[in-house]
Amino acid sequence: MAQRTLAETVASMLLEVKAVRLSPDQPFKWASGWNSPIYCDNRITLSYPKVRTAIKNGLASAVKAYWSDVDIIAGVATAGIAQGALVADWLDLPFCYVRPEPKKHGMGNQIEGKIKAGQKVVLIEDLVSTGGSSLKAVDALREAGANVLGMVSIFTYGFEIADKNFAEKNLKVYTLSNYETLIKEAVAKNYVSESQQITLQEWRHNPSEWKV
C-alpha cells in the first residue's frame, strides 16, 4: 500500500471532523455573495487534539523546511492566531498576530505583539481563498519594516486569482492540503458521489458565477 501524502492525510482529517463540509446540491452562501458547494472552518480542528497536533506539526515542519532562518511567526487574524501561536511555541520562536486593519481605539495597533524592523517573518494562515486577508497582513508587516519570507496555510481552494495576487506581492506560499486532494478524498470515502465531483470541479473553475 502506497504511503499517504501529507495533503491526503490533512484532507481526510478535515473531512472527518467536519472542518470542511461539502454540499453540492444545496450550496452555502459566502459573505462575498458567492454560492459555494464547500464551506471550510479550520478552527474546528483546534477541538480535536490529534488533528490539532498533526496540523501544528505540518505547519511547523514546513516553516523549518522552507525558511529555517525565520525570526518570528505571525498569525493572520482571526483564524490564524491560534494556529500561529501553536507553531511559534513548537519552534520556540516569538509570536505576533496581524489584524485586518488598525484598532480604532487604544494604541491603534494593527500588529499585536513585539516586532522589530528587519526581522524575518513567516505568516501562518488557516485558509486561502482569494488571498486578500493574507496580503493585508503582509502589507502591514512590510510597512513595519519586517522581512516577510513567506506564508504557510492549512488549506487552499486553489483559485487562480489567489496565485496571481500572491505573485504580484512576491509572496511565497505553501499549503498543507488543497481542494483537488480534498475532493478525491471525499469521493474515496463516499462523502460525495462521482457525479457530485463534477459539480465540485465546475465550481472551482468559475466560483463567482457558479449556480446549481
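Average accessible surface for the range 59-153: 45 Å² per residue, computed with a 1.4 Å probe over protein heavy atoms with every protein chain in place. Gain on full extension, evaluated as 0.36 nm per residue between V187 and S32 minus their Cα-Cα distance, stands at 53.1 nm. The portion of the accessible surface of the range 12-149 made up by carbon and sulfur, rounded to a whole percent, is 49 (1.4 Å probe; DNA, RNA and ligands excluded). Dividing the summed helix terms, -39500 (n - 2.57) for each DSSP H run of n ≥ 4, by the number of residues in the chain produces a 222 nm estimate of -12500 deg cm²/dmol to the nearest 500. Shown are K56, K172, whose ranking by accessible area with a 1.4 Å probe and every protein chain present, most to least, is K172, K56.
Sorting 187-193, 200-206, 174-180, 4-10 by average packing, meaning the other beta carbons within 10 Å per residue, from highest down gives 174-180, 4-10, 200-206, 187-193.
Stretched out straight at 0.36 nm per residue, the stretch from Y39 to D89 would grow longer than its current Cα-Cα span by 15.1 nm. Computed from Cα atoms alone, the Kirkwood hydrodynamic radius reported for the range 18-79 is 14.1 Å. Sort the range 97-199 into rounded, prolate or oblate with this rule: let a ≥ b ≥ c be the square roots of the eigenvalues of the Cα gyration tensor; rounded if a/c is under 1.5, and if a/c is not under 1.5, prolate when a/b is larger than b/c, oblate otherwise. It is prolate, given that a/c is not under 1.5 and a/b is the larger ratio. To the nearest ten degrees, helix 132-143 and the longest principal axis of the Cα atoms of the chain are 10 degrees apart.
What is the percent of Cα-Cα separations in the chain that go past 32 Å? Of all Cα-Cα distances in the chain, 18 percent exceed 32 Å.
The values are calculated or read from the model by the stated rules, or taken from the named source; none is laboratory data. Please read all numbers here as calculations on a predicted model, not as lab measurements. Cβ coordinates were reconstructed from backbone atoms using ideal geometry, including for glycine residues, and neighbour counts include every protein chain displayed. Accessible surface areas use protein heavy atoms only, side chains included; no ligands, DNA or RNA. Shrake-Rupley method; radii C 1.70, N 1.55, O 1.52, S 1.80 Å.
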